[in-house]
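First the structure, in the form of structure tokens, and then the observations on it.
Please treat every number below as a calculation from the coordinates, not as lab data. Every value quoted in this text rests on a predicted model; they were computed, and no experiment measured them. Ideal geometry is used to build each Cβ from the backbone, glycine not excepted, and the neighbour counts take in all protein chains shown.
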Amino acid sequence: MKIGVISLGCPKNLVDTENVMGLLNLNGAEFTGDIENADVILINTCGFIDAAKEESINTILEVVQLKETDKKKKVIVTGCLVERYKEELEREIPEVDMFIDLKNEFNIPEFIGLKKKNIENPYINRVITTPRHTAYIKISEGCDHTCSFCAIPNIRGKHRSRSIESIVEEAKFLADTGVRELNIVSQDTSFYGVDIYGKPMLWKLIHELEKVEGIDWIRLYYLYPTTVDEDFIKAIRDSEKVVRYFEMPIQHSEDRILKDMMRGYRKRRIEKILEWKEKHIPDAAIRTSVIVGFPTEREEDFIALKEFIRNSEFDWLGVFTYSHEEGTPAYSRFEDVIPEEEKVRRKNEIVEIQEEITESKNRELIGKEVEVLIDGFSQEWETLPVGRTYRSAYEIDGVVYVETTEPLNSGQFVRVKIKDVMDRYDLIGEVV
């Protein structure tokens with residue numbers, strides 16, 4: 001049985017896809033990158049916001065068209081979109097052979113006719129789809145926060161941590177396959193362990209992960225501002241393997257909007273975290289994200305947000321337009337009154353501000369020597385190695401194009417002197 005796989009959405013969704021692929025692999029399936037020649041096409045969807053839902057539905061519709069020329073071909077759809085809209089999808093797209101909700105993802109092998117093997121820890125049989133040296137590791141599922149705009153708790157449920165032992169076992173498996181960078185993901189990483197250990201245990205987990213031979217970099221994603229304190233920042237500073245980079249979505253800067261978003265903190269909390277960062281790890285990079293066009297966001301709120309972003313000088317920033325999601329508190333409390341074109345205008349203005357900040361920070365690196373992890377080679381110049389410093393996350397932030405006279409391999413660390421900035425986000429350097 002040849003299986004073609006399409007994974008949409010966030011890195012957490014990709015981990016789910018890789019876990020299912022691992023089970024399919026153990027049960028005798030083969031994978032093909034040629035979707036048209038696959039016997040079974042598995043689509044793992046995203047259903048978080050309107051743009052993601054549209055992408056998922058368009059992908060499904062494109063794939064089911066392949067059944068017109070091959071009636072035996074099966075299309076299986078799973079993921080967050082199915083969890084939210086299974087009945088509607090079954091009614092509107094009957095060409096799909098099976099819609100599988102999240103709780104049944106690990107049963108997909110038997111659903112498609114393979115004999116299911118019982119696996120004690122499915123996480124240690126993953127088929128890694130990222131480059132061999134970098135991988136995501138999901139430490140928990142679900143979220144206990146009640147942010148008014150977010151549908152994740154409805155889709156993924158309450159926060160559920162995995163055990164430290166299970167995660168360390170998976171990290172050892174990944175290291176044995178050649179992984180050198182662990183990217184820690186979840187819906188709420190800094191809340192890890194509270195549900196099963198009675199208190200936050202992220203740093204206890206990290207201390208255990210630091211012992212895993214072969215792992216050089218540990219990168220933290222999806223931190224929540226209420227659980228990032230001064231001791232947390234110091235722990236990043238003192239860690240031997242946690243890179244000085246963390247992702248912490250703030251969503252907005254203004255207290256009134258943060259209150260309506262039900263974020264559980266105010267602007268002063270964000271300012272304090274930035275102060276702690278400058279005090280203890282001034283060279284750390286922060287990625288954050290904001291939402292523009294929330295129903296109660298006035299023009300003066302937006303202007304204040306722009307000023308906050310200018311002053312804060314985040315290294316990387318993602319901007320999202322508000323998506324009015326059914327089932328969320330904001331959906332029932334507010335009308336989606338801001339026109340889409342106005343949301344896009346606000347988004348573009350934030351992007352322009354951040355591009356200038358990012359380019360400025362990149363130019364400060366010219367003439368400096370940095371450590372670069374090689375990810376692969378340029379698509380445009382096939383022999384030109386491409387990598388990242390600790391300041392950049394895989395496939396999200398800017399890259400470094402590395403000029404060299406010696407052959408370099410993916411997963412290799414090299415010392416590079418930065419020569420120039422390209423297209424604001426990327427760097428050009430030469431091996432020292």
For Lys115, give me every one of the lysines with a C-alpha distance below 18 angstrom, ignoring sequence neighbours fewer than eight places off in its own chain. Lys2, Lys74
Among Asp375, Asp255, Asp34, Asp238, rank each residue by its count of other Cβ atoms within 10 Å, from fewest to most, as a rough exposure measure. Asp34, Asp238, Asp255, Asp375
Prolate/oblate/rounded label for segment 369-431 (Cα gyration tensor, a/c 1.5): rounded
Under 19 Å from Lys343, Cα to Cα: lysines that are on another chain or at least 8 residues apart: Lys53, Lys306
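Quote the charge dipole size of the chain about the Cα centre in Debye, to the nearest 20; the model charges only the Cβ of Lys and Arg (+1) and of Asp and Glu (-1). Before the final figure, lay out each step's value.
Numbers: 60 positive and 82 negative charges, 258 e Å.
It works out to roughly 1240 debye.
Quick one: work out the % antiparallel among DSSP beta bridges in the chain, nearest 5.
Details: 19 of 60 bridges.
About 30 percent, rounded to the nearest 5.
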Out of Gly398, Val64, Thr328, whose Cα points farthest toward the positive end of the dipole of the chain (charges: +1 Lys, Arg; -1 Asp, Glu; placed on Cβ)? Thr328
Remind me, relative contact order of segment 129-363 in percent, using alpha carbon pairs under 8 angstrom and six or more residues apart? 18 percent
Can you compute 3J(HN,Hα) from phi for each residue in segment 359-367, using the Karplus curve 6.51 cos²θ - 1.76 cosθ + 1.60 with θ = phi - 60°, rounded to whole Hz and x for Gly and Pro? 4, 4, 5, 5, 5, 5, 8, 4, x
Which of the cysteines found in the chain have nothing to pair with, since no other Cys Cβ lies under 4.7 Å from theirs? Cys10, Cys46, Cys80, Cys143
Going by C-beta contacts inside 10 Å, put Leu61, Leu174 in order with the fewest on the left. Leu61, Leu174
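Taking other Cβ within 10 Å of each residue's Cβ, how do His280, His252 sort, fewest first? Let's see the in-between values first.
Details: His280 17, His252 24.
Taking fewest neighbouring Cβ atoms as first place, the list is His280, His252.
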Once both label points are put 7 Å beyond Cα along the C-beta direction, the Thr32-Glu271 separation in nm becomes 6.1 nm
By the C-alpha gyration tensor axes a ≥ b ≥ c (rounded if a/c is under 1.5, else prolate when a/b exceeds b/c, else oblate), the shape of segment 13-164 is oblate
Value in Å of the Kirkwood radius, where segment 129-363 supplies the Cα pairs that are averaged: 18.9 Å
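Would you calculate, for the chain, the mean residue ellipticity at 222 nm contributed by helices, counting each DSSP H stretch of 4 or more residues as -39,500 (n - 2.57) and dividing by all residues, to the nearest 500?
Working: 14 runs with 150 residues, N = 432.
Roughly -10500 deg cm²/dmol at 222 nm, from the helical runs in the chain.
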For Lys158, give me every one of the lysines with a C-alpha distance below 19 angstrom, ignoring sequence neighbours fewer than eight places off in its own chain. Lys12, Lys103, Lys138, Lys199
Selection from Ser239, Pro407, Val292 lying farthest towards where the dipole of the chain points positive, charges on Cβ: Ser239
